[in-house]
Amino acid sequence: MERTAGAGGVAGKVMSMREAVAAFVRDGDTVSLEGFTHLIPTAAGHEIIRQGRRDLTVVRMTADIVVDQMLAAGCVTRLVSSFVGNSSAGSLGELRRRIEHADPEPLAFEEYSHYGMVCRYLAGAQRLPFHPLRSYAGSDLPSVNPGIRKVTSPYPAADGSTEEIYVVPPVHPDVTFIHAQRADRRGNTQIWGLTGVQAEAVYAARKAVVVVEELVADEVIRADPNRTLVPAHAVDAVVLCPRGAHPSFAQGYYDRDNAFYRAWSAISKDPVRLRGWLEEWVYGTADHAAYVAKLGEEFWAGLAVGEAPSGSVDYGRRL
């Protein structure tokens, strides 16, 4: 698989969320939405819902509220994940109905361990045919997922015997969306705090969209180069979308909306209430800016965070 650069040069990389979803998400696509605990690309999921995409395969290590919402909106027919749940605050009603009762229709669910998903992204990013791992020994996951297979190692084990080892296949999303703190207009993207597999998910994909809290000057990125997890050459579009990770948090920008996480179990348990929520908060808002405005500044003030500077580093230069 060969990556192609985003069209239109540097200026063409900066898009609205509406433009990015329209350009890069098609019915039937495999879409990766990655971010671990914070920086979850919720606003991207909402715009996919607004644009009525169908028959998607969603790849997300920790399938959570945004996946539940996309399922309820009828966008997703297949889920590839290693964890499903409402992030320590409850359950995902729509996902449970589909898996446990095929209600209103079944969901194809391809399950891996966390590390199995990491290995799939690594294999995809490195263009490998598979990636080996030992952690499935003793697990029953291989019995329910035919994608987890065994191969004979070409090298002897420590005792000289022949070794069989589990492998997982690569994943190549048609498009990956990640959320990040900041990027420049070229797409050099910086993340701090908890990090996950964002870089691997970007490199594994055919196209990549980075959603950020702020666009910054080139000089800001150059001043702290080791914080750049995703370089410009891997990015096809940059979307400025402040507060686009809500209800998750963005380290240094706003806190986690724990009240919403706690409320979601009751909302998603009732299909009528869940669809009413979608009508009001997703279909009923023109874009994420309208969603943010609807919540109100008093609400956002309650999620404000204080400063905690991380210091500075002298990289040195030639005299």
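The values are calculated or read from the model by the stated rules, or taken from the named source; none is laboratory data. Keep in mind the model is a prediction, meaning the values are calculated, not measured. Because the Cβ atoms are built from the backbone with ideal geometry, glycine has one as well, and the counts that use them run over all protein chains shown. Surface areas here come from the heavy atoms of the whole protein model, side chains and all, with no ligands, DNA or RNA. Shrake-Rupley method; radii C 1.70, N 1.55, O 1.52, S 1.80 Å.
Could you list, in sequence order, all residues of the stretch 201-220 that are open to solvent by less than 10 Å² (accessible area, probe 1.4 Å) and more than 15 Å from Leu39 (Cα to Cα)?
Ala204, Ala205, Ala208
So Phe109 clears everything in (1) in a loop (DSSP other than H, G, I, E, B); (2) open to solvent by 10 Å² or more (accessible area, probe 1.4 Å) except one condition, right? Which one?
(1)
Here are some residues: Ala72, Ala102. Which one is of a type outside the set (Val, Ile, Thr), without any contact (Cβ under 8 Å) to a residue 24 or more places away in the chain and under 30 Å from Ser143 (Cα atoms)?
Unique residue meeting the criteria: Ala102.
Which residues, counting only those in the stretch 172-196, are hydrophobic (A, V, I, L, M, F, W, C), in a loop (DSSP other than H, G, I, E, B) and in contact with a strand residue (DSSP E or B) (Cβ under 6 Å, 6 or more places away or on another chain)?
Ile191, Leu194
Exactly one of these conditions fails for Asp257: (1) modelled with pLDDT under 95; (2) touching a helix residue (DSSP H, G or I) at 6+ places or on another chain (Cβ under 9 Å); (3) acidic (Asp, Glu). Give me its number.
(1)
Going through the stretch 113-124 one residue at a time, which ones are of a type in the set (D, E, K, R) and open to solvent by 30 Å² or more (accessible area, probe 1.4 Å)?
Correct list: empty.
From Ala286, Ala290, Ala308, Ala304, grab the single residue that is under 24 Å from the mean Cα position of the chain (by Cα) and not assigned by the TED database to the domain that holds Gln251.
Values: Ala286 fails: not assigned by the TED database to the domain that holds Gln251; Ala290 fails: not assigned by the TED database to the domain that holds Gln251; Ala308 fails: under 24 Å from the mean Cα position of the chain (by Cα).
Of the residues listed, the single one that is under 24 Å from the mean Cα position of the chain (by Cα) and not assigned by the TED database to the domain that holds Gln251 is Ala304.
Any idea which residue in the stretch 125-165 is farthest from Ser32 (Cα to Cα), counting only those that are in contact with a helix residue (DSSP H, G or I) (Cβ under 7 Å, 6 or more places away or on another chain) and open to solvent by 40 Å² or more (accessible area, probe 1.4 Å)?
Ser135
Scanning for something touching an Asp or Glu at 6+ places or on another chain (Cβ under 7 Å), at negative phi and open to solvent by 40 Å² or more (accessible area, probe 1.4 Å), does the stretch 296-309 turn up at least one residue? Give the derivation first.
In the first step, residues of the stretch 296-309 are kept if they are touching an Asp or Glu at 6+ places or on another chain (Cβ under 7 Å); the result is 303, 305.
Now restrict to residues that are at negative phi: 303, 305.
Now restrict to residues that are open to solvent by 40 Å² or more (accessible area, probe 1.4 Å): 305.
Within the stretch 296-309, one or more residues are touching an Asp or Glu at 6+ places or on another chain (Cβ under 7 Å), at negative phi and open to solvent by 40 Å² or more (accessible area, probe 1.4 Å).
Restricting to the stretch 92-106, give me the number of residues that are part of a loop (DSSP other than H, G, I, E, B) and surrounded by 16 or more Cβ atoms within 10 Å (Cβ to Cβ).
Count: 1.
Say we look at the stretch 232-262 and pick out the residues that are touching a Lys or Arg at 6+ places or on another chain (Cβ under 9 Å) and over 21 Å from His288 (Cα atoms); which of these is most open to solvent (accessible area, probe 1.4 Å)?
Looking at the filtered set, the residue picked out is His233.
Do any strands (runs of 3 or more DSSP E) lying entirely in the stretch 118-170 carry at least 1 residues that are touching a His at 6+ places or on another chain (Cβ under 8 Å), and which ones are they?
Per the criteria, 164-168.
Out of (1) in contact (Cβ under 8 Å) with a residue 12 or more places away in the chain; (2) open to solvent by 30 Å² or more (accessible area, probe 1.4 Å); (3) more than 17 Å from the chain's Cα centre (by Cα), what's the single condition that is false for Arg182?
(3)
Output the number of the condition that Leu56 fails; it satisfies all remaining conditions of (1) under 15 Å from the mean Cα position of the chain (by Cα); (2) open to solvent by 10 Å² or more (accessible area, probe 1.4 Å).
With (1) under 15 Å from the mean Cα position of the chain (by Cα); (2) open to solvent by 10 Å² or more (accessible area, probe 1.4 Å) applied to Leu56, the lone miss is (2).
Within the stretch 65-106, work out how many residues are farther than 15 Å from Ile49 by Cβ and of a type in the set (Asp, Glu).
Summing the residues that are farther than 15 Å from Ile49 by Cβ and of a type in the set (Asp, Glu) in the stretch 65-106 gives 3.
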